[in-house]
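We did not get these values from a lab; they are worked out from the coordinates using the rules stated. None of these values were measured; they are calculated from a predicted model. FYI the Cβ positions are ideal-geometry reconstructions off the backbone, even for glycines, and counts take in every protein chain you see.
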Amino acid sequence: MSDFTPNSTEEFRRYVELQLSRHRLLIEDKSNSPELEEIEDELTELWEALDDVQRQCVRGMSSDLNFVSRLGQTAPKGRQSKDVDDDDLQEMMAMKSRKDWYGFLHYLRLCRPVFVAIQVARFRATAYTEMGLPGYAQKFSQLAVQLERSDALSELPA
Amino acid sequence: MVFDPNDGLPLVGVKRAMLGVRPLTDVTLIPARDLNGNVVLDRKGLSVNADWRSLPPHLIPIELDTEVNGASGVGMKVFVHGNGAFAEGAVTDKLELMLKSGSLGSGVVCPTALVSLVEYQSNLEATRADWVEDPS
């Protein structure tokens, strides 16, 4: 595996789980709930126990969840298409061929602007499924379906 | 830090990411757990960081999301206080910055002398107007 694959420590697994729970609460508009506060306190504590690779990984996963919240829109400070170089695209495809899913997700984030949102959602659904994170995978497969539906509706004759 | 939308400055309070400390979490009190007690000088206090990029994703404003850094904090801004180096020393005449054990990039703003929790919170609140949004 590449330098992007984190050690699956207990703290890392717990962080990943809590991050998804936090995302769900935010989607449900529970940003002021005691439950969210509890989760964020635990995330802050767990953060100290993560190494650099694990931190980079959960950061990326957090951005991926933001992509779901934004319904596939580009991140506020995300790259533009012109910033994506061929090397990153080639690395992304190489990681996919090697089934190095953490590495693939990393390069997909860098190459995000050159893909349409539905494709990104599908890629992420596949990667998270392969990584054994069905809760995350479901978020992206649901988004892909949602985006397909809205595309289909926009193509209907007026 | 969480901000007040009325004036854009840090929100004063006793919850996470506010300008203030959580009495039973961020400081040690004497007598123990007495909200009218004094703050023990044990290098605990309001947590601060030298660089917002090193914070966990939920403490970085979502508006700064790059698709990679994970920024997902809600209702937050990055604030800086003063323009000196991030090093141990006076913040005001009643507050000082102390580095966390084994870290050069994170610390706490704590009282310089034994004060009540109420006074400490008030001293933190007094710095409110001095926090400016980080342009970086």
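Numbers for the structure displayed
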{"read-out": "Normalised contact order of region A:10-155, rounded percent, pairs of Cα under 8 Å and 6 or more residues apart", "value": "19"}
{"read-out": "Table column - 3J(HN,Hα) (Hz), region B:86-101, Karplus curve with 6.51, -1.76, 1.60, x for Gly and Pro", "value": "7, 9, 4, x, 5, 9, 9, 6, 10, 10, 9, 8, 10, 6, 6, 3"}
{"read-out": "Radius 14 Å from Cβ of B:TRP131, net charge of other residues (Lys, Arg +1; Asp, Glu -1)", "value": "-4"}
{"read-out": "Amide H partners (placed H, <5 Å) of B:VAL12, local residues excluded", "value": "B:LEU19"}
{"read-out": "Built amide H within the under 5 Å cut-off of B:ASP65, gap 5+", "value": "A:LYS77"}
{"read-out": "Mean ellipticity per residue at 222 nm, deg cm²/dmol - from DSSP H runs of n ≥ 4 across chain A, formula -39500 (n - 2.57)", "value": "-23000 deg cm²/dmol"}
{"read-out": "Karplus-derived 3J(HN,Hα), 6.51/-1.76/1.60, for each residue of region A:6-11, Hz, glycine and proline x", "value": "x, 5, 8, 6, 4, 5"}
{"read-out": "Förster radius 51 Å - calculated FRET efficiency between B:SER101 and A:SER81 (Cβ-Cβ, nearest 0.05)", "value": "0.70"}
{"read-out": "Table column - 3J(HN,Hα) (Hz), region A:109-119, Karplus curve with 6.51, -1.76, 1.60, x for Gly and Pro", "value": "4, 5, 9, 2, x, 8, 10, 6, 4, 4, 5"}
{"read-out": "Distant-in-sequence amide H partners of B:MET76 (H built 1.01 Å from N, under 5 Å)", "value": "B:ILE62"}
